[in-house]
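The next block holds one structure in the form of structure tokens; read it before the comments.
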């Protein structure tokens, strides 16, 4: 398959960022697939207004909010069916530096079979509790993969090789909520993908609202790590062989 990347954006109630999102991504000339995950009417209208008139933007609408993972999987499957070879996922809250898009494209061209993960470079706007709490997930992922290959599994800026990703999704259950980013990264590593890590500047905006639900989403994360740790145990011989080979 020829190299043909697109951008996928899971969107939920980020209407205040819709114009900024598109003005930041459209200059790179890549087709954009936005999956509206059941946004409220006001945010949905803001998104539709921003998208209007842009032929390179595909808007998929989910009737009900199913979670970030549901939106991303919908976008990945659509992109694969549309004939794209790679999908660059980026969050809708405009926290990630859009200028890294060409870096992901170049890396995907050089490593077409790899999962390319963003490695956040935070500035002083990052809440300290978020910065330090990430390390617990980092350590768990390194145990679950018996590898340091995935430097940050929580960053929502990454690039998937679509053929392998969709094939994995057909055989494995992946978290549908805020656990998605970490869950799919680990499972793609288990599936055999190599991993590349690219630095991405991250800024927390004062006008951004987090959709992270402290109790519910932490519950999803705990469930995901329990399942991943159990999955690691019976994959351990293969993971050890891979570690030794590397």
*For residue 42 and residue 244, compute 0.36 nm times the residue count separating them, minus their Cα-Cα distance, and round to one decimal in nm.*
67.4 nm
_Based on the alpha carbons, how large is the Rg to Rh ratio for region 77-214 when Rh follows Kirkwood?_
0.95
*Using a Förster distance of 51 angstrom, determine the FRET efficiency expected from the C-beta separation of residue 142 and residue 64, and round it to 0.05.*
0.90
*asked:* Using Cβ counts within 10 Å as a stand-in for footprinting exposure, how do 68, 244 rank, fewest first?
replied: 244, 68
_Of 194, 49, 137, the one that fluctuates the most in a GNM where the chain has Cα springs shorter than 10 Å_ = 49
*asked:* Rounding to the nearest 10 and keeping the result within 0 to 90°, find how far the Cα-based axis of helix 180-191 lies from the longest principal axis of the chain.
replied: 40 degrees
*Please state the equivalent ellipsoid semi-axes for region 120-167: what are the square roots of 5 times the Cα gyration tensor eigenvalues, largest first, in whole Å?*
24, 16, 8
*Take peptides 117-126, 3-12 and line them up by average Cβ neighbours within 10 Å, highest first, as a rough protection proxy.*
3-12, 117-126
_Packing rank of 219-225, 128-134, 187-193, where each peptide gets the mean count of other beta carbons within 10 Å, highest leading_ = 187-193, 219-225, 128-134
*Once all Cα-Cα distances of the chain are split into 5 Å bins that start at 0, what whole-number percent is in each one?*
1, 6, 14, 19, 21, 18, 13, 6, 2, 1, 0
*Could you rank the peptides 29-38, 160-169 by their average count of other C-beta atoms within 10 Å per residue, with the highest value first?*
29-38, 160-169
*Report the residue, chosen from 177, 111, 96, that carries the largest GNM mean-square fluctuation when the chain is represented by alpha-carbon nodes joined by springs under 10 Å.*
111
*asked:* Output the 0 to 90 degree angle, nearest 10, between the alpha-carbon long axis of helix 101-110 and the longest principal axis computed from the alpha carbons of the chain.
replied: 40 degrees
_Nearest 10 degrees, 0 to 90: helix 128-145 Cα axis against the chain principal axis_ = 50 degrees
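None of the figures in this text is laboratory data; all of them are computed from the coordinates on show. Nothing here was measured: the structure is a model prediction, and the numbers come from that model. FYI the Cβ positions are ideal-geometry reconstructions off the backbone, even for glycines, and counts take in every protein chain you see.
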